[in-house]
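Only one structure is covered here, and it is reproduced in the block below.
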Amino acid sequence: MSTQRRCYEPGHRPKCLVVVDDTVEWDRAVYYASRWAVRAAGGVVMLRVIEMLDQNQQWLGVAEVMRAEAIEAAEIALDRASGRANGVAAITPDRVIREGDPLEQIRDVIEHDPDIAMLVLAASAGAEGPGPLVSTLARTGGSFPVPVLIVPGQLADAEIDALS
């Protein structure tokens with residue numbers, strides 16, 4: 001079940017959701033979303049998903065330390081991405097940190113924010129393919145609750161400026 005989008009109703013504004021991960025191309029998605037937000041008078045929501053492996057109870061203390069380190073790394077990544085968005089478009093994005101499966105967390109963030117109008121991802125320009133998240137969404141995109149925009153990873157800032 002999908003929440004009705006409300007992004008263009010009075011008192012709301014459209015937002016792009018961008019996943020900030022460990023790939024090189026996250027910057028292309030942040031750049032595009034930031035430029036779009038300025039032109040659409042909208043906003044950007046940046047999501048960092050922490051994938052914690054199954055944690056055995058006997059190692060709970062170690063798991064908690066690993067979780068704390070992962071949250072700290074997520075904050076650092078979101079600081080870097082937020083700084084990029086601010087430098088590109090003088091905006092301050094919303095920041096979300098979630099734990100679990102990336103696709104499930106993306107869907108949940110969209111479900112709980114009716115102002116998210118699209119998901120913006122960037123595809124890897126490398127020979128190994130577009131990346132796991134883009135590949136997964138390509139297979140399931142027809143059932144996704146919002147449009148998915150995929151920015152080619154090789155586009156330069158000027159090329160994205162012309163498109164956004």
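Considering only residues that are open to solvent by 60 Å² or more (accessible area, probe 1.4 Å) and within 10 Å of the chain's Cα centre (by Cα), which ones fall in segment 93-129? The answer is 95, and nothing else.
For segment 132-164, residues that are assigned to a loop (DSSP other than H, G, I, E, B), of a type outside the set (Gly, Ala, Ser) and exposed (fewer than 13 other Cβ atoms within 10 Å of the Cβ) total 1. The residues on offer are 52, 46, and the sole one that is open to solvent by less than 70 Å² (accessible area, probe 1.4 Å) and at pLDDT below 95 is 52. Sub-6 Å Cβ pairs linking a first residue in segment 144-161 that is within 30 Å of residue 3 (Cα to Cα) to a second residue that is open to solvent by 50 Å² or more (accessible area, probe 1.4 Å), at least 6 apart or interchain, are 145/2, ordered by first then second residue.
Condition check ((1) within 23 Å of residue 76 (Cβ to Cβ); (2) open to solvent by 50 Å² or more (accessible area, probe 1.4 Å); (3) modelled with pLDDT under 95) across all residues:
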position: 2; (1), (2), (3): no, yes, yes
position: 8; (1), (2), (3): no, yes, yes
position: 11; (1), (2), (3): no, yes, yes
position: 20; (1), (2), (3): yes, no, no
position: 28; (1), (2), (3): yes, no, no
position: 31; (1), (2), (3): yes, no, no
position: 37; (1), (2), (3): yes, no, no
position: 42; (1), (2), (3): no, no, no
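Does any residue of segment 59-72 turn out to be open to solvent by less than 20 Å² (accessible area, probe 1.4 Å), modelled with pLDDT under 95 and not acidic (Asp, Glu)? Yes: segment 59-72 contains one or more residues that are open to solvent by less than 20 Å² (accessible area, probe 1.4 Å), modelled with pLDDT under 95 and not acidic (Asp, Glu). Considering the conditions (1) at pLDDT 95 or above; (2) over 30 Å from residue 10 (Cβ atoms), residue 128 is excluded by exactly one of them, (1).
The values are calculated or read from the model by the stated rules, or taken from the named source; none is laboratory data. Because the structure is predicted, anything quoted here is derived from the model rather than measured. As a convention, Cβ positions derive from the backbone with ideal geometry for all residues, glycine included, and neighbour counts pool all protein chains shown. Just so you know, the surface numbers come from the protein's heavy atoms only, side chains and all, with ligands and any DNA or RNA stripped out. Shrake-Rupley method; radii C 1.70, N 1.55, O 1.52, S 1.80 Å.
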